[in-house]
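Chemist: Mind having a look at this structure? Questions to follow.
The values are calculated or read from the model by the stated rules, or taken from the named source; none is laboratory data. None of these values were measured; they are calculated from a predicted model. For neighbour counting, all protein chains shown are included, and Cβ atoms are generated from backbone atoms with ideal geometry for every residue, glycine included. Protein only, heavy atoms only, side chains kept; ligands, DNA and RNA dropped before computing areas. Shrake-Rupley method; radii C 1.70, N 1.55, O 1.52, S 1.80 Å.
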Amino acid sequence: MTADITPSLPSGITVAIATIGARINGIILPAPTDGLRYEVLVQMPPDVLPINDRPDLRYTAINTRGLSHSRNSALTQCETPFLVFADDDMELDVVGLKALAAELARAPDLAFAAGWRAGRLPVTGPRAGAYRLRKLNAGRICAPELMVCVAPLRRHGITFDTRFGVGAEYPVGEDYIFTCDMLDAGLCGAAFPIVTGAHPHLSTGDNWHDAGLLVARRAVLSRCFGSAAVPVLLAYALRHRKHLGGWRDAWRFLTAKG
């Protein structure tokens, strides 16, 4: 176990699944397995929650709005050493989740770890193996890839910035900001070539045509890099110029107000 895990937390992994309203009825979970429990956090809950006949599952209705609020509730309520964040339309890989937790458990200096979604794990290059996470290589991390050790986050008071994420002012970037905040607090993380699940649908971050999301992306980078954001924005526009629509639109991305 890691040195930061407190004895008050039982062993195991909690998967925190954020959902809203009637979407709760579409969640498909893996079969029960030792060491894994599920916390389904429901915003705008229906009048009647689904019948729960599983000892590894808990439904929690919360009166907030926005993905980051939901994940902060998960951080508060988690009763296991390890916590992983998921959305309600994901396919979870139980073997991968346990393998990622094992990597955290054998590395006392790590407070968080990142796996990969199915179909995204590189087969060659530096990212095909394990590597330390830094601000400049952590931008791709999102649910259900991110697993954290709960104790050090509580000790440092790290939570999700509620201005970012679906349902907030800026509907992208909450996972990256959260990761950067952990790094800024001096916590260490690493990526491992482990598949933790699949996301068969496009995520909000895959949308490059919404002008509001481009504004949000700039806000994310400014939030994470502060006074050093200008060169990072330039590098970002250069790297993603095709997604942005070419050089002209990349320049608009850099200079647009908002």
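Chemist: Could you say which residue among S73, S68 is modelled with pLDDT of 95 or more and in contact with a Leu (Cβ under 7 Å, 6 or more places away or on another chain)?
Modeler: Checking each option against the conditions leaves just S73.
Chemist: Here's another thing I want to ask about it. Do we find a residue being open to solvent by 20 Å² or more (accessible area, probe 1.4 Å) and among the small types (G, A, S) anywhere in the range 113-121?
Modeler: yes
Chemist: Restricting to the range 87-97, and then to whatever is at pLDDT below 95 and buried (at least 18 other Cβ atoms within 10 Å of the Cβ), can you tell me which residue is nearest to W116 (Cα to Cα)?
Modeler: M90
Chemist: Let me ask something else. Give the range 22-42 a look and list any residue that's more than 19 Å from the chain's Cα centre (by Cα) and surrounded by 20 or more Cβ atoms within 10 Å (Cβ to Cβ), or say none.
Modeler: Listed by number, the list holds a single entry, I24.
Chemist: Open to solvent by less than 30 Å² (accessible area, probe 1.4 Å) and in contact with a helix residue (DSSP H, G or I) (Cβ under 9 Å, 6 or more places away or on another chain): which single residue out of L49, L75 fits that description?
Modeler: Step by step, each of L49, L75 is checked, and only L75 is open to solvent by less than 30 Å² (accessible area, probe 1.4 Å) and in contact with a helix residue (DSSP H, G or I) (Cβ under 9 Å, 6 or more places away or on another chain).
Chemist: Any idea which residue in the range 221-247 is surrounded by the most Cβ atoms within 10 Å (Cβ to Cβ), counting only those that are modelled with pLDDT under 80 and among the basic types (K, R)?
Modeler: Ranking the qualifying residues of the range 221-247, first place goes to R241.
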